[in-house]
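S.K.: Can you read through this structure? Questions will come right after.
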Amino acid sequence: MSCTAPSPALTHEAFINAVRELVLSGLNDVARRERLGQVKLVYGVGRLGAYGVCIYNAWRHVKSCDVVEICAVSEESPLQLAATVIHELAHSDAGWRAAHGPEWRRSARELGLVRPRAA
């Protein structure tokens, strides 16, 4: 695990948000792009063994405001961080009932993962 940012000129927070912007720029569905653009994306400590966490409807007073935490304790590389961002955004996109099922896999592929799976 590295304790440095993915690039000397880029913080972890800027990196994961840049990944999201790149992913969303490829979506044609404007409403979907806006919804995923409003997900609160954070780089935090996380918990041992977790790469990322999606907290659905984190703020009840804001309609459909999910929080995605990318976990520092499991960081391996910039590629893994990018894949985790996409994986967790697919959870937010597919909804909590989808788990790692077909709807989540479809969303993950549409967002850019080649072979989406649970870690």
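S.K.: Does region 60-75 contain at least one residue that is of a type outside the set (Val, Ile, Thr) and closer than 16 Å to Arg117 by Cβ?
M.R.: The answer is yes; a qualifying residue exists.
S.K.: Taking into account only those residues within region 77-119 that are in contact (Cβ under 8 Å) with a residue 40 or more places away in the chain and open to solvent by 100 Å² or more (accessible area, probe 1.4 Å), which is farthest from His12 (Cα to Cα)?
M.R.: Trp96
S.K.: Mind listing just one residue for me: the one in region 51-73 that is farther than 15 Å from Leu41 by Cβ and of a type in the set (D, E, K, R) and, of those, modelled with the highest pLDDT?
M.R.: Among residues in region 51-73 that are farther than 15 Å from Leu41 by Cβ and of a type in the set (D, E, K, R), the one modelled with the highest pLDDT is Arg60.
The values are calculated or read from the model by the stated rules, or taken from the named source; none is laboratory data. Worth saying up front: this structure is predicted, and the values here are computed from it rather than measured. Cβ sites come from the backbone with ideal geometry, for glycine too, and all protein chains shown count toward neighbours. Surface areas here come from the heavy atoms of the whole protein model, side chains and all, with no ligands, DNA or RNA. Shrake-Rupley method; radii C 1.70, N 1.55, O 1.52, S 1.80 Å.
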